[in-house]
Amino acid sequence: MYFPRQIVKFVVGVALLSCVQFLHAQKGIDTQTQKIKDDTNKTTTRQTGDAARSFDWGKGKTQVRDRLPNPYRITSRRDVLVETIMQALKERKMVVDEGSSRLNDGVVITQPYVFAKGAVITQNELNRYAVLAFADTAWSHGRYTLTIEVQSIDGMQNNVLVNARVEGRSANGMTSEWTTVQSSGLAEEEFLVKLIEMVTGSSPDDPKPADQ
């Protein structure tokens, strides 16, 4: 079949124009797609940077310190220190056994302090204040007695030694009795922290500067 030359040129021209338009359209889509990707990457990078600045995985953690030395050295006159010990015990609602204590010698002994009552609470608290050899014992009460001794080094330096006698009351059938268990050191630690806070005005548990 024969087509006039003008018709052939027209068809070829239309085809070329369609191809050029198609290529331009594709180029526009690619450019737009690339712009979207670039914007997304910028947003993601910025959010990641903000998150890194917002979360400090080192400084925000709770610091766990070592147990205080026992005996603990405290700078104070012995008579003043004994009075401070008496005040610290009073604030902790502990009663001094005046018959057993020897205040002039720097020895303070408390009456038994009941820190837990009831089976569930006592079991949990005894696990904190004592080292239990038998976990299945039916404990109903927990108590401890503190013996605090001020050992003078010189006129202003003293070692304060704290010992706790921890006891648990167990119910076995129709009888119950107090049993001495090994102290975990928590009762001694808690009292020393309180005493240091009263003597120095700051607690060993206060947050420390970042460079310490």
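Derivation of every value follows stated rules applied to the coordinates shown; laboratory data play no part. These numbers come from a predicted model, not from an experiment. Cβ placement follows ideal geometry from the backbone for every residue including glycine, while neighbour counts extend to all protein chains displayed.
Based only on Cα atoms, what Rg/Rh ratio does segment 65-144 have, Rh being taken as Kirkwood's radius? Kindly include the intermediate steps, with their values, before the conclusion.
Working: Rg = 16.0 Å, Rh = 15.0 Å.
My calculation puts Rg/Rh at 1.07.
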Listed with the fewest Cβ neighbours within 10 Å leading, 136, 205, 97 appear as 136, 205, 97
Ranked packing of 117-127, 81-91, most packed first, by mean Cβ within 10 Å
81-91, 117-127
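Once the other residues with Cβ under 14 Å from the Cβ of residue 168 are scored (Lys, Arg +1; Asp, Glu -1), what is the net sum? Intermediate results must be reported in sequence, preceding the final value.
Working: positive: 117, 128, 143, 165, 169; negative: 125, 136, 167, 177.
Once positives and negatives cancel, what remains is +1.
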Can you compute 3J(HN,Hα) from phi for each residue in segment 149-163, using the Karplus curve 6.51 cos²θ - 1.76 cosθ + 1.60 with θ = phi - 60°, rounded to whole Hz and x for Gly and Pro?
10, 9, 9, 6, 9, 8, x, 10, 10, 9, 9, 10, 9, 10, 10
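With the convex hull built on the Cα atoms of segment 72-200, state its orientation-averaged projected area in nm². Intermediate values should be presented prior to the final figure.
On the way: hull surface 32.8 nm².
Approximately 8.2 nm², given one-decimal rounding.
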